[in-house]
1. How big is the stretch 104-227 along each principal axis, measuring the range of its Cα positions in Å and listing the largest first?
2. Sorted by mean Cβ packing within 10 Å, highest first, what order do the peptides 108-119, 195-206, 172-183 take?
3. Non-local amide H neighbours of L149 (under 5 Å, H modeled in plane, Pro and chain starts lacking H): which ones?
4. Can you list the HN-Hα couplings for the stretch 127-133, worked out from phi with the Karplus curve (6.51, -1.76, 1.60; θ = phi - 60°), rounded to whole Hz and with x for Gly and Pro?
5. Just to verify a number: FRET efficiency for E106 and L187, C-beta to C-beta distance, R0 = 25 Å, to 0.05?
6. For the stretch 94-228, give the magnitude of the charge dipole about the Cα centre (Cβ charges: +1 Lys/Arg, -1 Asp/Glu; no others), in debye to the nearest 20.
7. Report, by chain and number, residues whose modeled amide H sits under 5 Å from the one on A137, excluding near sequence neighbours (fewer than 5 apart, same chain).
Amino acid sequence: MGTQPNGLLFKDILSASGAEQKKREDTGVAAAAVEMLRLEMMKSALSLSDSPLDTWSATGNQPIKALLARFFEQSQQTTAPPQSIASGRNDTVAVTVREERDSSLEGIIHKAARRYGVEESLIKAVIKAESNFNPKAVSHAGAEGLMQLMPATARGLGVTDSFDPEQNIMAGTRFLKDMLNRYDGNLDAALAAYNWGPGNVDKKGASLPRETRQYLATVKSFYSQFSG
């Protein structure tokens with residue numbers, strides 16, 4: 001008993017009808033509120049009133065005032081800024097992005113060049129020849145990282161992790177600068193010492209091995225490219 005052909009109870013139909021009616025009423029409320037707000041804002045601008053609701057308090061038109069109040073409340077809830085922006089987290093994101101950019105290879109190379117007075121293009125040329133910009137590179141002789149530091153050399157330069165790009169580049173650039181100073185700015189001698197070892201260059205510099213001669217040609221070629 002009390003059921004419709006589609007199986008719905010009469011009270012369900014009334015409930016659905018009521019929900020639809022309320023939806024229409026809410027739509028009408030919003031439209032009315034928007035229109036009244038527009039008119040009152042115009043009126044407030046002329047009268048220099050502090051709030052559109054102040055005028056309605058004087059007229060005693062409480063129903064319209066209530067509609068406007070509800071509209072204001074809904075608008076504030078809808079347009080509230082995201083918590084991340086309101087709390088200033090967007091600034092934190094900007095700082096993080098900036099820090100990540102500065103920790104890139106370009107940033108590290110730039111910092112090493114400024115600290116040790118070595119051209120960025122020369123640092124890049126050595127990295128390209130040594131590891132092809134692979135921070136995890138390991139040679140058959142055991143040299144590690146971007147600038148291919150031997151473990152003993154790395155320890156002597158204070159490196160704790162040769163595969164860390166910043167530690168490797170800073171230490172490698174420092175060693176390269178030491179070689180340039182040692183040989184009075186002679187690039188060939190400095191690069192030969194970087195590849196073959198300063199002890200070998202001091203003792204047998206007149207007879208560089210073929211591998212070191214090839215190394216010099218490769219680095220200088222990259223140096224020219226990065227300088228252009």
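Read the figures in this text as sums done on the coordinates, not as results from a lab. From a predicted model like this one, the values you see are computed outputs, not experimental measurements. Don't worry about glycine lacking a Cβ; one is built from the backbone with ideal geometry, like all the others, and counts go over all protein chains shown.
1. For the stretch 104-227, the Cα spread along each principal axis is 39, 30, 23 Å.
2. With the highest mean Cβ count within 10 Å placed first, the list reads 172-183, 108-119, 195-206.
3. Close amide H contacts, sequence-distant or interchain: E144.
4. 4, 4, 6, 6, 9, 6, 6
5. 0.65
6. With Lys and Arg at +1 and Asp and Glu at -1, about 320 debye.
7. G145
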